[in-house]
There are 2 protein chains.
Amino acid sequence: MEESSSRSGENLLFLTDEQLRKGIEAMFFAYRGFTADPDRILATMAYGRAHHRAMHFISHTPGTTVNNLLSILGVTKQSLNRVLRTLIEDGLVESKVGARDRRERHLFLTPEGVSLEQRLSDAQRKRMRAAYRKAGPEAVAGFRTVLESMMDTNLLQHYHDERSVRQ
Amino acid sequence: MEESSSRSGENLLFLTDEQLRKGIEAMFFAYRGFTADPDRILATMAYGRAHHRAMHFISHTPGTTVNNLLSILGVTKQSLNRVLRTLIEDGLVESKVGARDRRERHLFLTPEGVSLEQRLSDAQRKRMRAAYRKAGPEAVAGFRTVLESMMDTNLLQHYHDERSVRQ
DNA sequence: CTTGGAAAGTCAACAAGACTGACATATAAT
DNA sequence: ATTATATGTCAGTCTTGTTGACTTTCCAAG
């Protein structure tokens with residue numbers, strides 16, 4: 001409730017409860033817009049947002065293992081497995097037994113998987129590009145800065161680990 | 001980062017597919033962090049994110065009707081009703097028959113509801129405040145600008161309508 | 001070499017929370 | 001009186017999360 005704390009020289013207007021509340025609502029509405037387009041496409045098939053997320057990260061890091069994907073997505077392996085199973089059955093994802101460790105499964109998108117993933121992320125990129133263009137490069141830099149501070153760094157550890165090892 | 005600004009007059013580096021992909025992933029990870037704290041609290045009771053959202057907007061716009069809430073939240077009435085019913089049963093939300101139009105129900109938080117809502121949004125504000133403070137006022141301005149461009153303005157129509165009428 | 005634990009992945013059953021569709025009730029508007 | 005609106009409810013489905021139990025595989029200690 002310390003609204004007028006801008007007496008100490010710095011302008012801290014952006015830290016008032018009202019500003020924070022607006023930021024919270026902006027996150028809610030923006031995230032809904034952010035997922036709306038791919039969701040519309042996915043609704044026409046038997047897939048959901050979870051399938052999109054899995055395909056996104058497989059596309060980005062081909063050959064990733066189920067365990068890596070679990071850490072990145074932050075769900076249980078049983079939950080991911082259901083999604084993965086349908087994607088594999090439908091020929092969008094391929095699962096290859098690991099050469100080094102035969103317990104591991106390395107995941108890749110098939111050409112059909114690449115095609116759907118592109119269709120989905122094109123829709124998402126289109127909206128993101130429009131927002132970026134409208135806001136301008138400086139706003140985009142600020143956007144990224146705040147988002148990065150908002151992430152739960154603990155949950156992200158695996159993501160960075162995995163990429164540095166694998167690339 | 002911004003190596004080659006303005007070669008054709010404008011710097012469009014921030015619109016490359018790779019930058020957009022990073023923005024998309026940042027949204028995903030940040031939103032997860034954004035909801036993590038209230039989710040942890042909610043998990044200890046019989047409530048979920050849907051209850052939090054309902055209480056947030058009732059708190060912000062006391063006396064709002066069920067229909068207004070439906071438009072803002074973008075869910076079906078059956079879905080909202082399930083949430084609302086439990087909140088009313090548990091004494092967190094009060095539903096008053098409209099004076100002007102007795103078909104309408106006006107929604108308010110009870111003292112208990114206010115208490116829980118505060119506990120939840122305090123957790124969320126805390127993280128948002130930390131992110132804002134770390135990023136600084138200019139980044140925050142950019143953050144808000146991009147988020148506002150990313151919202152689906154069609155879906156938000158009701159929100160603004162309702163607030164201008166009601167305040 | 002064997003054996004026992006740990007790790008990776010799969011299967012089954014269940015719950016939350018979204019959805020649709022049909023229907024009921026009360027009230028308002030025409 | 002009839003029609004439209006606001007809300008609430010029942011039944012059934014879907015996605016996506018959960019826990020628990022299981023198999024296969026690897027590895028390391030005896």
Is it true that A:Gly136 is touching a helix residue (DSSP H, G or I) at 6+ places or on another chain (Cβ under 9 Å), away from chain B (no Cβ under 14 Å) and not charged (D, E, K, R)?
no
Identify, please: which residue in segment B:72-82 is near DNA strand D (Cβ under 9 Å from one of its atoms) and closer than 25 Å to A:Ala26 by Cα and is, among those, surrounded by the fewest Cβ atoms within 10 Å (Cβ to Cβ)?
B:Thr76
Please count how many residues of segment B:41-66 are in contact with a His (Cβ under 9 Å, 6 or more places away or on another chain) and of a type in the set (S, T, N, Q).
2
Out of (1) within 14 Å of chain A (Cβ to nearest Cβ); (2) outside any helix (DSSP H, G or I); (3) in contact with a strand residue (DSSP E or B) (Cβ under 8 Å, 6 or more places away or on another chain), what's the single condition that is false for B:Leu69?
(2)
Residue that is surrounded by the fewest Cβ atoms within 10 Å (Cβ to Cβ), among those in segment A:41-66 that are over 14 Å from the mean Cα position of the chain (by Cα) and more than 13 Å from DNA strand D (Cβ to nearest atom):
A:Gly63
Considering each of B:Gly113, B:Gly91 in turn, give the residue that is in contact with a helix residue (DSSP H, G or I) (Cβ under 9 Å, 6 or more places away or on another chain) and closer than 30 Å to A:Thr16 by Cβ.
B:Gly113
Given the condition at pLDDT 95 or above, among the β-branched types (Val, Ile, Thr) and assigned to a helix (DSSP H, G or I), answer yes or no: does some residue in segment B:147-159 qualify?
no
Options A:Gln118, A:Gln124: the member that is in contact (Cβ under 8 Å) with a residue 24 or more places away in the chain and within 14 Å of another protein chain (Cβ to nearest Cβ)
A:Gln124
When residues of segment A:109-135 are limited to those that are farther than 23 Å from A:Gly48 by Cα and open to solvent by less than 40 Å² (accessible area, probe 1.4 Å), the one nearest to DNA strand D (Cβ to nearest atom):
A:Ala131
Name the pairs whose Cβ atoms lie under 6 Å apart, with the first residue in segment B:25-47 and within 9 Å of chain A (Cβ to nearest Cβ), the second surrounded by 19 or more Cβ atoms within 10 Å (Cβ to Cβ) and of a type in the set (Ser, Thr, Tyr), and 6 or more positions between them or separate chains?
B:Tyr31/A:Tyr31
So, B:Thr35, is that one of a type in the set (S, T, N, Q), open to solvent by less than 20 Å² (accessible area, probe 1.4 Å), assigned to a helix (DSSP H, G or I) and within 12 Å of DNA strand D (Cβ to nearest atom) or not?
yes
Considering residues of segment B:83-108 that are assigned to a helix (DSSP H, G or I) and more than 7 Å from DNA strand C (Cβ to nearest atom) only, the residue surrounded by the fewest Cβ atoms within 10 Å (Cβ to Cβ):
B:Glu89
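The values are calculated or read from the model by the stated rules, or taken from the named source; none is laboratory data. If you're wondering where the values come from, they're calculated on a predicted model, not measured in any experiment. Neighbour counts are summed over all protein chains in view; Cβ atoms, including those assigned to glycine, are modelled from backbone coordinates with ideal geometry. Note: areas computed on protein heavy atoms with side chains; ligands, DNA, RNA excluded. Shrake-Rupley method; radii C 1.70, N 1.55, O 1.52, S 1.80 Å.
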